[in-house]
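J.: This is the structure, below, for whatever I ask next.
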Amino acid sequence: MYSSDRPDPVRRRRRFDDDEPRPRPGRADTAALALDGRAGHDPDTAEVPGGGDRWSTWPGLPAGARGPHPRPGWLVTDAGAVDHERGVLKTGKEADVHLVERGLPGHDGVLLAAKRYRDPAHRMFHRDAGYLEGRRVRRSRETRAMAQRTALGRDLIAGQWAAAEFAALARLHSAGAPVPYPVSVDGTEVLLEFLGTPDGRAAPRLAALRPDDGRLTALWHDLVDALGVLADLGWAHGDLSAYNVLVHHGRAVLIDLPQVVDVVGNPRGPEFLDRDVRRIGEWFVARGLDPAAPADLLSDLRERSRIG
C-alpha cells in the first residue's frame, strides 16, 4: 500500500541515441589555471614559452584519454610542459608519425611519437570496411554518416581509428604485451612511447633486418608470445607483417594497431587471424625458420581465441 500523501514519482525523460549529451558542471576555470603551471600565459595564443610549438595536451584530457597505470617514470605530466616538433618519423596512407619532445621550459624533455590520422581531404581509409564490422557508435546518425562516407563520416572514422588504437594499446600494455606505452589520445592524435635512440633515431622495422639463425628464432618466439596475449583477449592484429614490428633493444614490439580485430565478434575475424600468421610466417620461413612453425602457431592461436 502507498500513502496518499506520498509525492508522485519523478518521471525521467527517456534519452535516445541521437540526443546530445548534457554537459555536467565543472570546476572553476580560475582555480585550474592557478594550479596548472600556465599562469601568466594565454594558452589560446600562439606564444608558448621556451620556443615550444604547443602546450602539453595532457592537462586538458579526461582520465580515459590518458595512459594506463602504472605509468612509467619517464612520462611528463607537468601542466606547464610544452611540446616541440622534432620532425617526421613516418608517412602513411592513413596517418603520419611525428617526433615530439615534451618537457618543462629550460629542461630536457622526453621524446614521444605522435601518430596523427589525416584529414578527410588527404587520407585513404582503403581497408576500413572489413575492420569496422562489429564496431558500433552510440548515435545512429553517426553510423549512417560512416556508412555513407560523408565528410562527417570520414572524420568519425579517423576518430574511431585513433580511439581504437589507443584503447587496444592500453589493454595490451596492461596485459604485458610488447607494445609502445600509449601516452594519450586527443581527437585524431595518439601519443606513444618513442622506441629508438635518445637522438631521435627510430628503432628499425623487422623488415629491414637480416637476423642470423639465433636472432631469428628469438624474434619468432617474441612474436609467438605477443600474439598469444592478443589471442587470450580474443583479438587478432589485423594487419601483421614485418613492417608492423619494431625491434627495440633486441626484442620484437608490435606497432600499428588501429585495426585490431575481435576474432569472434567480427565475421571475418578468423580470416584476419589466419592472414596475420601467414604473412609474418612467410617472412620468417624465407629466412630459415622451420616451415611447420607458422601452422603450429596458428593452431594454438585459434584454440586460445576460442574459434577452434
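The values are calculated or read from the model by the stated rules, or taken from the named source; none is laboratory data. Since we're looking at a predicted model, the values are computed, not measured. Note that each Cβ is placed from the backbone with ideal geometry, even for glycine, and that neighbours are counted across all protein chains shown. Side chains included, ligands, DNA and RNA excluded: accessible areas come from the protein's heavy atoms. Shrake-Rupley method; radii C 1.70, N 1.55, O 1.52, S 1.80 Å.
J.: Return the only residue of Leu219, Leu206 being among the aliphatic types (A, V, I, L, M), under 24 Å from Val88 (Cβ atoms), over 19 Å from the mean Cα position of the chain (by Cα) and open to solvent by less than 30 Å² (accessible area, probe 1.4 Å). Give the derivation first.
T.: Values: Leu219 fails: under 24 Å from Val88 (Cβ atoms).
Result: Leu206 is the single residue among Leu219, Leu206 that is among the aliphatic types (A, V, I, L, M), under 24 Å from Val88 (Cβ atoms), over 19 Å from the mean Cα position of the chain (by Cα) and open to solvent by less than 30 Å² (accessible area, probe 1.4 Å).
J.: For Phe125, all conditions in the list (1) modelled with pLDDT of 85 or more; (2) surrounded by 13 or more Cβ atoms within 10 Å (Cβ to Cβ); (3) within 26 Å of Leu195 (Cβ to Cβ) hold save one; what is the number of the exception?
T.: Every listed condition holds for Phe125 apart from (1).
J.: Can you find a residue in segment 272-281 that is among the aromatic types (Phe, Trp, Tyr), buried (at least 16 other Cβ atoms within 10 Å of the Cβ) and closer than 30 Å to Arg118 by Cα?
T.: Initially, segment 272-281 is screened for residues among the aromatic types (Phe, Trp, Tyr), giving 272.
With buried (at least 16 other Cβ atoms within 10 Å of the Cβ) added as a condition, the list becomes 272.
Narrowing further to those that are closer than 30 Å to Arg118 by Cα: 272.
Yes, segment 272-281 contains at least one residue that is among the aromatic types (Phe, Trp, Tyr), buried (at least 16 other Cβ atoms within 10 Å of the Cβ) and closer than 30 Å to Arg118 by Cα.
J.: Select from segment 222-258 the residues that are assigned to a strand (DSSP E or B) and over 17 Å from the mean Cα position of the chain (by Cα) and write down the one among them that is farthest from Leu289 (Cα to Cα).
T.: Restricting attention to segment 222-258, the residues satisfying the condition of being assigned to a strand (DSSP E or B) are 235-236, 245-248, 251-254.
Cutting the leftovers down to over 17 Å from the mean Cα position of the chain (by Cα) gives us 247-248, 251-252.
Working: Val247: 18, His248: 21, Arg251: 17, Ala252: 16 Å.
Filtering segment 222-258 for residues that are assigned to a strand (DSSP E or B) and over 17 Å from the mean Cα position of the chain (by Cα), the one farthest from Leu289 (Cα to Cα) comes out as His248.
J.: Going by the structure shown, is Arg287 of a type in the set (Lys, Arg), touching a residue at least 60 places away in the same chain (Cβ under 8 Å) and open to solvent by 40 Å² or more (accessible area, probe 1.4 Å)? Before the answer, list the steps.
T.: On the way: of a type in the set (Lys, Arg): yes; touching a residue at least 60 places away in the same chain (Cβ under 8 Å): yes; open to solvent by 40 Å² or more (accessible area, probe 1.4 Å): yes.
So Arg287 fits the description; yes.
J.: Quick one: what pairs do we get from segment 59-70, first residue closer than 15 Å to Ala163 by Cβ, second modelled with pLDDT of 95 or more and of a type in the set (A, V, I, L, M, F, W, C), C-beta under 6 Å, 6+ apart or different chains?
T.: Ala65/Val185; Gly67/Val183; Pro68/Ala170
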